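Notes follow once the structure below has been shown.
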């Protein structure tokens, strides 16, 4: 298993031109319901060189597993796995979903209106890198 979190995640940004996908669990502020030390930061899941996405817009929790090519479900074409792409299985309580990409980086930050997909000129760095593949 690459990563596991009980927090809610949603598709935050996708850019076709750079084949980048960002899934974010948004931080809560001190005056918001549900604020705690555990929710006081964003968790960003960044995929690059994305060739296949099959996920809902919101995930109630998130578990990420990198799987082998022969474990790919039959209804997903192996043609998406060109150029040494990796297969990531994302799970929540409602099911299993797949992303095929060159890699993933999971980082923690406290950015309010920024992300590394649309604000790449700012050279944003995460406070902590939780996982990378």
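Read-outs: derived from the displayed coordinates by stated rules, not from any lab. No experiment lies behind these values; they were computed from the predicted model shown. Here the Cβ positions follow ideal geometry from the backbone for every residue, glycine too, while neighbour counts run over all protein chains shown.
Kindly provide log₁₀ I(q)/I(0) values, in the same order as q = 0.18 Å⁻¹, from the Debye equation applied to equal alpha-carbon scatterers of region 82-133.
-0.80
With the convex hull built on the Cα atoms of region 3-132, state its orientation-averaged projected area in nm².
8.4 nm²
Roughly what would the spin-label model give for residue 75 and residue 4, points 7 Å off Cα along C-beta, in nm?
2.7 nm
Taking a point 7 angstrom from the Cα of residue 133 along the C-beta vector, which residues in region 85-115 have backbone N less than 13 Å away?
Zone members listed by number: 85-91, 97-106.
Mind giving me the nanometre distance, one decimal, between the label points for residue 29 and residue 102, set 7 Å out from Cα along Cα→Cβ?
Distance between the two pseudo-spin positions: 3.7 nm.
How would 53, 104 line up from fewest to most surrounding beta-carbon atoms within 10 angstrom?
53, 104
Let me make sure I get this right: for region 12-77, a, b and c are the square roots of the gyration tensor eigenvalues over alpha carbons, sorted descending. Under 1.5 in a/c it's rounded, otherwise prolate if a/b > b/c, else oblate. Which is it?
prolate
Would you kindly state how much longer the chain becomes between residue 37 and residue 18 on full extension, computed as 0.36 nm times their sequence separation minus their alpha carbon distance, in nm to one decimal?
Length gained between residue 37 and residue 18: 3.5 nm.
Listed highest first by mean packing, meaning other Cβ atoms within 10 Å per residue, what order do 3-11, 111-119 come in? Working shown, then result.
On the way: 3-11: 16.0, 111-119: 14.1.
Output ranking for 3-11, 111-119: 3-11, 111-119.
Specify the inter-centroid distance of region 6-66 and region 94-133, based on alpha-carbon positions, in whole Å.
8 Å
Please arrange 70, 127 by counting, for each residue, the other beta carbons lying within 10 Å of its beta carbon, fewest first.
70, 127
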